[in-house]
Amino acid sequence: MEKRDVGITILILALLVILGAAGEYNYQRNKAAEERDAPRTYTGYSDGEIAALIEAYQQEVEVLEARYGAAKNRAIETGSGGLIDEQIREFERAQKTGVATRSLGADVAEKEAVLRELRREHSLRGGSAESLKLHLRRLVTI
């Protein structure tokens, strides 16, 4: 091997070491920033508990979505009462139905948010494609 080849090899190895150190520094910096900005709620749970929670929340979301869809599509029957007190009662009944439907929609949204967070925690722990994307993003984001 010539001196020139040895010099090029050493230069390439030094460059790889520098790139590796810079990548590790960048990865740790981005990881710390992510943890500071968005703390993980479910870190204390085991993988089995996370999987069980995901399954339970998925079932609950499906039930609530079905109820919400039925309530949203249900027409409110109003009478054609000519008296003011009848119209007021019909209005109050329709208003109560609307409030109940909106409350059910809020419950669905809340459960879906928890389910997304559980799935995110699960993907961070596992070797899924999302986890690989996360690691690559941490490595190359400046």
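No lab work stands behind these numbers, since they all come straight from the coordinates. Because the structure is predicted, anything quoted here is derived from the model rather than measured. Don't worry about glycine lacking a Cβ; one is built from the backbone with ideal geometry, like all the others, and counts go over all protein chains shown.
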Tell me the mean residue ellipticity at 222 nm calculated for the chain from its helices only (DSSP H runs of n ≥ 4, each -39500 (n - 2.57), averaged over every residue, nearest 500).
-29500 deg cm²/dmol
Distance from the Cα centre of region 97-115 to that of region 9-26, in angstrom?
51
Consider just the alpha-carbon atoms of the chain and return their Rg together with their Dmax, both in angstrom.
28.1, 106
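Quote the FRET efficiency, to the nearest 0.05, computed for A22 versus R119 with a Förster distance R0 of 25 Å and r equal to the Cβ-Cβ distance.
Values: r = 32 Å, r/R0 = 1.28.
About 0.20, to the nearest 0.05.
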Could you list R29, R125 in order of exposure, starting from the residue whose Cβ has the fewest other Cβ atoms within 10 Å?
R29, R125
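Compute the orientation-averaged projected area for region 2-55 from the convex hull of its Cα atoms and round it to one decimal in nm². Provide the component values of the computation, followed by the final result.
Values: hull surface 24.8 nm².
Answer in nm², one decimal: 6.2.
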Label-point separation, Q58 to T43 (7 Å along Cα→Cβ), nm:
2.6
Run the reach check for K96 against lysines, Cα to Cα strictly under 24 Å, same-chain hits fewer than 8 apart removed. What comes back?
K72, K111
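Quick one: compute the contact order of the chain, relative version, from alpha carbon pairs under 8 angstrom and 6+ residues apart, as a percent.
42
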Would you tally the net charge around L64, using a Cβ to Cβ cut-off of less than 11 Å, leaving L64 out, and scoring K and R as +1, D and E as -1?
-4
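Taking the Cβ-Cβ separation of R137 and A66 as r and a Förster radius of 30 Å, what is the calculated FRET efficiency to the nearest 0.05?
Numbers: r = 36 Å, r/R0 = 1.21.
Efficiency, rounded to the nearest 0.05: 0.25.
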Rounded tilt (10° steps) of 3-37 against the dominant C-alpha axis of the chain:
20
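So, counting K/R as plus one and D/E as minus one, what does the shell of residues with Cβ under 11 Å around L83 add up to?
-2
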